[in-house]
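Only one structure is covered here, and it is reproduced in the block below.
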């Protein structure tokens, strides 16, 4: 019972970690209005700086989290997140806000590296896949909740009310983690040197077990965020726009928590990642062929979201399936954070360009290519694990 409660609480805490992105992304127009005269790229940087931290230091964090201790990292990151969000409520000048967002990126990175490792450790073996599937849904669920509650809270008390509520949520999470998580066992810290870090990064990405989840996951993040952002824009001013924007994230989460959990008991996590990409590929082709027929296009878009939902959940479940030791799992989670942020950062600009050049064909080709790449990457890594 305690283990189940702890896993659910870790997931709840990670909703707050996702909100470190979402509270700025969902309320982007209000952020821009709060900093009048600032060019769009600067306002965009305020939103994206959290992800840049993970892009640069993701794998490095994975190397250090296990040595620092998962409980210590989780509680410290939550306290830091609470303090930072409270200061953000003051809406300080842009340079200060950027510095706060960079610090918030470190807090976010620590949470998303430690949380999946703890979830896998705490869950009983027969429930491990289901627990990792639940964990994998935190980003989409948080964004959906923020999309619903964020604007209402901002209408009532402005952006400070949103940031203060988030800070309070993180503070409550810190208390919960301090009470529920087991005490850390001390271990030796890795030595800090540029050469050592480079060698450690090379070892992580050379490993067919530690790198495989991240190499498939980047094919997911490069497509999912871009698709969720730009697909509804193809129906500006039409009812389909609201339907796609509201329900695509929910379809993705629902499929991962139902069909995903059911499938995980029957196939390996890697097999499910490949099945998810294959489903995405089928509906991507349908999307391109059916363009102009609104009903079929919406159906195909939901199919893409469903396929990517399977990829999302199985990618996190692959971490404990492929890596038995907690330290290896932490390195794999760090690689997922790093490559995941690479995909999130690069996917939308790529898709904007492709749509501008080739319209619906560009969209279908974008989804298809990364789906094929995701299947191929896991096939190659699986082959390497057999040979090794």
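Each reported figure results from applying straightforward, stated rules to the coordinates on display, with no laboratory input. In this text the structure is predicted, and so the values were computed from the model without any measurement. Here the Cβ is made from the backbone with ideal geometry for all residues, glycine too, and neighbour counts use every protein chain on show.
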Can you tell which of 168, 309, 62 shows the greatest fluctuation in a Gaussian network model of the chain with Cα springs below 10 Å? 168
So, with points 7 Å from each Cα along the Cβ direction, the residue 262-residue 229 label distance in nm works out to 3.4 nm
Once you've got the GNM for the chain with C-alpha springs shorter than 10 Å, pick whichever of 28, 217, 366 has the biggest mean-square fluctuation. 28
By how many nm would the segment from residue 149 to residue 206 lengthen if fully extended, with 0.36 nm per residue of separation less the alpha-carbon distance? 16.2 nm
Tell me, what is the FRET efficiency for residue 102 and residue 156 to the nearest 0.05, using R0 = 25 angstrom and their Cβ-Cβ distance as r? 0.30
May I ask you to list the residues of the stretch 131-171 whose amide nitrogen lies under 17 Å from a point 7 Å from Cα along the Cα→beta-carbon direction of residue 33? 147-163
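Rounded if a/c is under 1.5, else prolate if a/b beats b/c, else oblate: with a ≥ b ≥ c from the C-alpha gyration tensor eigenvalues square-rooted, which is the stretch 37-86?
Values: a/c = 6.29, a/b = 1.76, b/c = 3.57.
Oblate is the answer for the stretch 37-86, as a/c is 1.5 or above yet b/c matches or exceeds a/b.
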Classified through the alpha carbon gyration tensor (a ≥ b ≥ c as square roots of its eigenvalues; rounded if a/c is under 1.5, else prolate when a/b is larger than b/c, else oblate), the stretch 117-182 comes out oblate
In whole Å, what are the Cα extents of the stretch 1-181 along the three principal axes, biggest one first? 54, 33, 24
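If packing is taken as the mean number of other Cβ atoms within 10 Å per residue, what is the order of 286-296, 141-151, highest first? All intermediate terms of the calculation are to be shown ahead of the outcome.
On the way: 286-296: 15.4, 141-151: 18.1.
Sorting 286-296, 141-151 by mean packing, highest first, produces 141-151, 286-296.
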Most mobile of 111, 351, 369 in a GNM of the chain (Cα contacts under 10 Å): 369
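Once fully extended, how much extra length lies between residue 195 and residue 242, figured as 0.36 nm per residue of separation less the alpha-carbon to alpha-carbon distance? Don't skip to the end; give the middle numbers.
Numbers: separation 47, 0.36 × 47 = 16.92 nm, distance 5.01 nm.
Computed gain between residue 195 and residue 242 is 11.9 nm.
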Apply the a/c threshold of 1.5 to the C-alpha gyration tensor of the stretch 1-105 and tell me whether it is rounded, prolate or oblate. prolate
